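Remarks on the structure that follows.
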Amino acid sequence: MAKPEVFPMIDIRWDAIREMLPAPFTTQTFQGLVEQELPDVWAEMVLRWGRGGRGSGNFFSPANVLYNYLNAKAREEIVVRLGFAPSQKGWGANRVMQWDFANGTILPPTEDDLELIEGGRRFRTHLIRERALGVRKRLLKQREASGLSCDLCGRTGSEFDEPVRRAIFEAHHNTAPLAAGERTIKINDMALLCACCHRAIHRLAATRNRWFTVAEAREPLGLVI
């Protein structure tokens, strides 16, 4: 029996993989998700082309096949090429292509926004994977006792009236990225960030290819206090 084509195998689950990708992301990040989330596809790729040294320069390595897959998405105007970024350890090359979604980075809705979305079962499944339901509400309730403020920049949102003020704050995992897998979290594992800082810390993690706690992010973001 003929072996299945790899691109269609990924296409079938592209929407699910896309929801897990940060913005921007690298070919290396994409390959890591294929390995983790699509083990059957990864096994097929290794069977066909070997592991390829994770960027060995061999055109028929999994890294280059996935690079070509993303190039096809770029031709469809689904993603855009941002240029090269430093690769993580073990990639086999110093630089790796960085990508973003063609419609730009969009922050996911808060849980309050989710109540206004109809027919969003696929997105809701993604949100459950990312964040235990109710974490943001419990974090806000805990912090309101001492006064809401962003753990990164200190913004309080006092210029806004309620409930607009509460809407600027988001819950951020301060211990490990969601990609680290399923785990039990505590409210004290969460940081309270304004929407601006939340976007900034995620972009910092994507560009530096590692996760940052709030304390670690202050210096590179110029927010040392």
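The values are calculated or read from the model by the stated rules, or taken from the named source; none is laboratory data. As the structure is a prediction and not an experimental result, all values here were calculated from the model. No Cβ is skipped: glycine too gets one built from the backbone with ideal geometry, and neighbour counts run over all protein chains shown.
Of the helices (runs of 4 or more DSSP H) lying entirely inside the range 1-88, the ones with 2 or more residues being at pLDDT 90 or above and of a type outside the set (A, V, I, L, M) are found at 6-12, 27-37, 39-49, 62-75. Taking first residues from the range 67-91 that are assigned by TED's automatic domain parsing to the domain that holds G32 and partners that are of a type in the set (D, E) and at pLDDT below 90, the Cβ contacts under 8 Å between residues at least 6 apart in sequence or on separate chains come to V79/D100; V80/D100; L82/D100. For T110, the stated conditions do not hold, so it cannot be described as closer than 30 Å to A74 by Cα, surrounded by fewer than 16 Cβ atoms within 10 Å (Cβ to Cβ), at pLDDT below 50 and in contact with a helix residue (DSSP H, G or I) (Cβ under 9 Å, 6 or more places away or on another chain). Considering the range 36-51, and only residues there that are crowded, with 16+ Cβ neighbours inside 10 Å and not aromatic (F, W, Y), the residue that is nearest to the chain's Cα centre (by Cα) turns out to be L38.
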